[in-house]
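Okay, so here's the structure we're looking at.
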Amino acid sequence: MQQDLIFPHERVDDLQCRGLKLIQNPNGFCFGIDAVLLSNFCEIRKNWHVLDLGTGTGIVPILLAGKTQAGQITGVEIQKEVADMAQRSVTLNDLGERVKIINEDLKEIVNKMDSYSFDAVTSNPPYMNPGGGLINPEDMKAISRHEVKCTLEDVISTSSKMLKDRGHFYMVHRPHRLVDIIYLCRKYKLEPKKIRFVHPNKNKKPNILLIQCVKFGKPELKFLDPLYVYNEDGGYTKEIDEIYGRN
């Protein structure tokens, strides 16, 4: 392992996918099951150019590099320290030829990158909308969890501008924002095609939503079978074990 890539306050997590690893700061916002489920939900074809908005520590681009035959995957992250961490993880995994990290505000990339040039856009955006109490606008965890630096509409509108016609948009979010998500996707010509709800177990309501849209797609929405994270005995379900590569 290249120890010069890892700072004393950081740790390296095994992603259990083709030997891939991720550098993380335990005191910051670490990736959770959402990012893993999103990368598994995406249907990325060979040689596609993929854009990940709000990439954080690069978990989704790195997993997509391991799970798919995507050509070029670009992650955009506004926080300089976090973007640097993501870039070091790219180097650690020797993915520099396929994965690129850009330290930029996603609202500005339309003016700095080629619009309408990506086959797919992915995003695991902040879930909490404004109005939930006092938030430190520079706190790393707050930026990752709350709509401090970008809103849901920013993510969806930017995705539409960066996608080719018939390009795919994939996002993980919370079920209570479903009406907002559908409204904004249609507003920006991203037609919802597939939705999957994720439940903690069979006895609890869903707490995660996965959605696929197609730019200028025809109206036809499919609800996929629900995904349950835990069995009744508290262990992971077979499908979750398969997603994490444990089987």
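For the stretch 14-34, the set of residues classified as without any contact (Cβ under 8 Å) to a residue 40 or more places away in the chain and buried (at least 16 other Cβ atoms within 10 Å of the Cβ) consists of Cys30, Phe31, listed by residue number.
Pairing residues of the stretch 53-81 that are in contact (Cβ under 8 Å) with a residue 40 or more places away in the chain and in a loop (DSSP other than H, G, I, E, B) with residues that are among the charged types (D, E, K, R) and surrounded by 24 or more Cβ atoms within 10 Å (Cβ to Cβ), at Cβ distances under 6 Å and at least 6 apart in sequence or on separate chains, gives Thr55/Glu77. Inspection of the stretch 67-74 identifies at least one residue that is out of contact with any Asp or Glu (no Cβ under 9 Å at 6 or more places or on another chain) and within 20 Å of Gly32 (Cα to Cα).
Residue by residue, here is whether (1) under 18 Å from the mean Cα position of the chain (by Cα); (2) under 22 Å from Arg246 (Cβ atoms) holds:
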position	(1), (2)
Arg11	no, yes
Cys17	yes, yes
Leu63	yes, yes
Thr68	yes, yes
Glu77	yes, no
Thr91	no, no
Lys100	yes, no
Ser117	no, no
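Selection of the stretch 202-221 for residues being more than 18 Å from Asp165 (Cα to Cα), out of contact with any helix residue (DSSP H, G or I) (no Cβ under 8 Å at 6 or more places or on another chain) and surrounded by 13 or more Cβ atoms within 10 Å (Cβ to Cβ) yields only Leu221.
Every number here is computed from the coordinates shown, using simple stated rules; none is lab data. On a predicted model such as this, the values are computed, not experimentally measured, just so you know. Note that each Cβ is placed from the backbone with ideal geometry, even for glycine, and that neighbours are counted across all protein chains shown.
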